[in-house]
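The values are calculated or read from the model by the stated rules, or taken from the named source; none is laboratory data. Only a predicted model underlies this, so the values are computations on that prediction, with no experimental measurement involved. Note: ideal-geometry Cβ built from the backbone for every residue, glycine included; neighbour counts use all protein chains shown.
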Amino acid sequence: MAPNVRRVLTGFAALALLGVLGMGALVASLWLERRTSVTLPTPTGSFAVGRATYDWADEATLGSLAPVPGAKRELLVWIWYPSATGQPAALPDDYLPAAPRAEVERARDGVMGFLTRDLSRVHAHAMRNSDVSPQQRSYPVVILRAGASAEVWNYSSLAEDLASHGYVVVGFDAPYRTNVVVFPDGRVMRRRPENNPELVFGRPDSARRINTLLAAWTGDIAFVLDRLQQLNRGDASGKFTGRLDMSRVGVFGHSLGGATAAQFCHDDSRCKAGIDVDGAPLGSVIRDGIPRPFMFLLSEHGGSSDAESRPIEANIQSIYDRLPPDGRLRITIRGANHFLFSDDGALLKSHIVLGALRMMGILGIDGRRQLAITAYCLHRFFDAYLKGPRGSRLNLSSSLYPEIQVLE
């Protein structure tokens, strides 16, 4: 073999060995990080946080959303709330209880399981079996809607922070529409492909399916508020009796949950203030607007003017123009990514992967930084429009968070 050929082959072999070693190092790093404990961002308010869950059902039927005719509405409801401190019976709650955690991990097998955190090693701040804080007689209620088919516990960072500022935050998961729902009696219900918004978009019947999903989610919010009213009148455990201020109700959601928040605040006067976190508006709210304070909190879309973005921007503008002048905000978080408003912003793994995402322009700011800015905007907005006097417009500009860009 000629010396030049031998040198070329030796070089290729060396490069291949380096590639194998590099891949091995990355795999080892990802596996180590999967097994490393991580804690969600610390809530910034003065209250400790408790968490409770309820299984609520009624006689409303799900129609085409369910796999069998006549299936009734049933929701797994999660409540985060300002908690009393110094209670011997109150213990740190699991980020996700063992039964649903096992089902979620089962759905994440293979590559997804390898690339995501071990949920048993994720730690939140909420306590179980804790009483509502006695510091106030009652607390405003904020409804939280997750994005698309995501489970609402995946927004624990934002829920815990808002609860620490003196709010009862209520989210819920719905069978056949949420990725996976595990009820206290052990029943497991998974999302149907027909109810997956990400699969529905682009289909010939997409408008009908999306409108059906939107109507179901807004109907669920109304149902949850009805049940919260009953809970406030008489909670069997005594925990929430008389502790919910149902005259001060806010609604916020992410992505499709944000579109749901906007439509619900158009439909139902019980919503006193709302926030759409990076969701494309849908429904009659685009035409009619919202007669109460509302904020659009957006990720950075780079001033995109493509065919897909233009109608979304026009729909947001249509709603914004019809909002009360002293109760409308539209804000962009520079560098924010649409998919990191959930706990994923705190749980992303591997500095190598993060560096690659930044190089590709997918990430502009750290995920925890994005969550911190979002939490700040949420509690400041609801403080102004659920707790504060009406009549003055909120200014969210902050030297602490120069990433906030207030749009007109």
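Taking Ala150, is it small (Gly, Ala, Ser), in contact with a Leu (Cβ under 8 Å, 6 or more places away or on another chain) and either more than 26 Å from Leu386 (Cα to Cα) or without any contact (Cβ under 8 Å) to a residue 12 or more places away in the chain (or both)? So Ala150 fails the test. Set side by side, the residues Asp245, Asp226, Asp288, Asp235 differ, and just one is among the acidic types (Asp, Glu) and in contact with a Pro (Cβ under 9 Å, 6 or more places away or on another chain), which is Asp245.
Scanning the stretch 191-221 for residues that are surrounded by fewer than 17 Cβ atoms within 10 Å (Cβ to Cβ) and either without any contact (Cβ under 8 Å) to a residue 40 or more places away in the chain or closer than 26 Å to Gly50 by Cα (or both) returns Pro193, Leu199, Phe201, Gly202, Arg203, Pro204, Asp205, Ser206, Ala207, Arg208, Ala215.
Select from the stretch 14-61 the residues that are loosely packed, with under 12 Cβ neighbours inside 10 Å, small (Gly, Ala, Ser) and modelled with pLDDT of 55 or more and list them in ascending order. Matches in the stretch 14-61: Ala16, Ser37, Ser46. For the stretch 274-284, a residue qualifies if it is farther than 12 Å from Gly258 by Cα and either among the aromatic types (Phe, Trp, Tyr) or crowded, with 21+ Cβ neighbours inside 10 Å (or both), but none of them does.
Residues checked against (1) at pLDDT below 95; (2) touching a helix residue (DSSP H, G or I) at 6+ places or on another chain (Cβ under 6 Å); (3) not hydrophobic (A, V, I, L, M, F, W, C):
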site: Arg117; (1), (2), (3): yes, yes, yes
site: Arg128; (1), (2), (3): yes, no, yes
site: Ala146; (1), (2), (3): no, yes, no
site: Glu151; (1), (2), (3): no, no, yes
site: Asn154; (1), (2), (3): no, no, yes
site: Asp161; (1), (2), (3): no, yes, yes
site: His165; (1), (2), (3): no, yes, yes
site: Pro175; (1), (2), (3): no, no, yes
site: Thr178; (1), (2), (3): no, no, yes
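Which of the residues spanning the stretch 72-96 are under 19 Å from Thr178 (Cβ atoms) and in contact with a helix residue (DSSP H, G or I) (Cβ under 8 Å, 6 or more places away or on another chain)? Selection gives Arg73, Leu75, Val77, Trp78, Trp80, Asp94, Tyr95, Leu96.
If you check Cys265, Cys271 for being touching a helix residue (DSSP H, G or I) at 6+ places or on another chain (Cβ under 7 Å), of a type in the set (A, V, I, L, M, F, W, C) and surrounded by 19 or more Cβ atoms within 10 Å (Cβ to Cβ), only one passes: Cys271. Screening the stretch 293-327 for residues that are in contact (Cβ under 8 Å) with a residue 40 or more places away in the chain and not hydrophobic (A, V, I, L, M, F, W, C) and picking the one that is surrounded by the most Cβ atoms within 10 Å (Cβ to Cβ) gives Pro293.
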